[in-house]
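Novice: First the structure, which I've put down as structure tokens, then a few questions once you've had a look.
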Amino acid sequence: MRYALGLRLALWHGVLFIVSATVLVALTYLLLARSLAAQDRQVIQSMLTRYVSAYDSGGLGALEGAIAADRGAGRHERLLVRVVGQRAEALYVNIPAGWNEFDLSELNVGRDARSWWLSIPGRVDRTTLEVATLRLLDGTVVQVGRSSDVRDELLAQFRSRVLLVLGLIVGIAVLGSGFLTYVGLAPVRAMAAAVRSIVQTGRLDARVTTRGTGDALDDVGVLVNGMLDRIQALVNAMRGALDNVAHDLRTPLARVRSVAESALASDDPAAARDALARVLEETERVNTMLTTLMDISEAETGAMRLARTRISVASVVGEAIDLYSDLAEEQGVVLRATVDPAIAVVADPTRLRQVIANLVDNAIKYTDAGGEVVVDAQDAASGVTVRVRDTGHGIAPDDLPRIWDRLYRADASRSKRGLGLGLSLVKAIVESHGGRVAVESTPGRGSTFSITLPRTAIEA
């Protein structure tokens, strides 16, 4: 069901609110009942002390006078007052009217204690007669009792009001939990709407509206937008790469077809062998392009396996210098390196050599005769930075942001050898190591490419 989550959340919130309110009301009722019961006992105990004091000072006459005085002053409540002599004979009994529902014979139950309490349940309802008893030194027993009818009536009124309040609480819980759930799930609905729009229309420009509150759901919205930005960038890059691949493959495929047709039309075996060699050259070019694209994709998606080990940067740079020294000499470019042998990083040796080689090859390619390519390295707190500086053509400001894109080649570089994938591969490999790439360039004065790798890393 589409609204199942909202209904479950509303139900959980409502049930939690109702249960909490019910427990709170029940505790309030219990505390009120205990408080009223304690207050009743305190009144009974107070009156018993007063009447015992009157009886001790003046006998039954003083006791009757105290009762009459309380009645006249309005302080005398509906109380049972009973005085029992040493031989268990009733010396004085004052029983309010209407108390026939209590079994007063239980008042005669004797105890050895000096004082005790009796609770006599009513025969008709749940009203209870609570009696405090005190035995005097001469054996006389004085009893004062009070019915719980006033307390029971107050608690009954409280219960009736509580039922009304609980009904209101249930209504508030249902409406409130539904409203809060609806408002709370608004970011989730916005996310669902954005994703649904992308699925239905295929457009990747839909975004989740965030409120900037910094709460968990708002953070999820920000992350979803970031993910959509990343997906859109990758899709756009993929579309651009496919367009570039289609464009760049069209030329070698056309050459292969032209060479093959010429070879078929010719009866010269030497021409046929030459055609086959050219076909192999073009297919090797296409194979290299596809292999490099696959390497870039693996590095960008985290699927590239890196055999990390601690290696000397100077040794990797030296291998690249040795590999391209002949090419540099042919083009009249000075190629040299200044790297401290003590600088080391934890990286995949093969992939790092591939990175340095691509940067050196790129620098030599765009440096005219008499120019210079220098490779150096710096060891800093942020990591090890390797720089490849050249005095070549430089890069136009409009092209600078796009040089890391797959198959992107500026107009000025179209005439140069290459596939337009070297820098993309460098960026992908470096970032798969947890590093970063940068470039600074001035047209006509050369460029400086730099890669920064963590000095230490967890070996895979």
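Bear in mind that the values in this text are calculations on the coordinates, not laboratory data. Since we're looking at a predicted model, the values are computed, not measured. Ideal geometry is used to build each Cβ from the backbone, glycine not excepted, and the neighbour counts take in all protein chains shown.
Novice: Under the definition of Cα pairs under 8 Å and six or more residues apart, what whole-number percent is the relative contact order of the chain?
Specialist: Once normalised by length, the contact order is 10 percent.
Novice: Mind giving me the nanometre distance, one decimal, between the label points for Leu280 and Asn94, set 7 Å out from Cα along Cα→Cβ?
Specialist: Modelled inter-label distance: 13.1 nm.
Novice: Let me ask something else. Going by average Cβ neighbours within 10 Å, how do the peptides 137-148, 56-67 rank, with the highest at the top?
Specialist: With the highest mean Cβ count within 10 Å placed first, the list reads 137-148, 56-67.
Novice: Right, another one. Tell me which label goes with the value of Rg and Dmax of the Cα atoms in Å computed from the coordinates here: [x] 48.9, 154; [y] 31.7, 103; [z] 22.8, 74.
Specialist: [x]
Novice: May I ask for the net charge around Leu137, where only other residues with Cβ less than 14 Å from the Cβ of Leu137 are counted and Lys, Arg are +1 while Asp, Glu are -1?
Specialist: 0
Novice: Could you work out the relative contact order of segment 305-453? I mean the mean sequence separation of Cα pairs under 8 Å and 6+ apart, divided by the number of residues, in percent.
Specialist: 23 percent
Novice: Which semi-axes, in whole Å and largest first, does the equivalent ellipsoid of segment 12-140 have when worked out from the alpha carbon gyration tensor as the square roots of 5 times its eigenvalues?
Specialist: Whole-Å semi-axes of the equivalent ellipsoid: 38, 17, 14.
Novice: Given 0.36 nm per residue, what is the gain on full extension from Arg336 to Trp117 after removing their alpha carbon distance, in nm?
Specialist: Full-extension gain reported as 68.0 nm.
Novice: Roughly speaking, what is the stretch gain from Leu180 to Arg436, that is 0.36 nm per residue apart minus the C-alpha to C-alpha distance, in nm to one decimal?
Specialist: Going from the current span to full extension adds 87.6 nm.
Novice: Give the distance, in whole Å, between the Cα centre of segment 252-317 and the Cα centre of segment 164-206.
Specialist: Cα centroid to Cα centroid, the span is 55 Å.
Novice: Any idea what the relative contact order of segment 4-155 is, in percent, if you count C-alpha pairs under 8 Å spaced at least 6 apart?
Specialist: Value for segment 4-155: 21 percent.
Novice: Along the Cα→Cβ direction, 7 angstrom out, place labels at Val170 and Ala38. What is the inter-label distance in nm?
Specialist: Going by the 7 Å Cα→Cβ label model, 3.3 nm.
Novice: Follow-up question, since we're still on this one. May I ask you to order 328-338, 204-214 by the average number of other C-beta atoms within 10 Å around their residues, highest value first?
Specialist: So the order, starting with the most tightly packed, is 328-338, 204-214.
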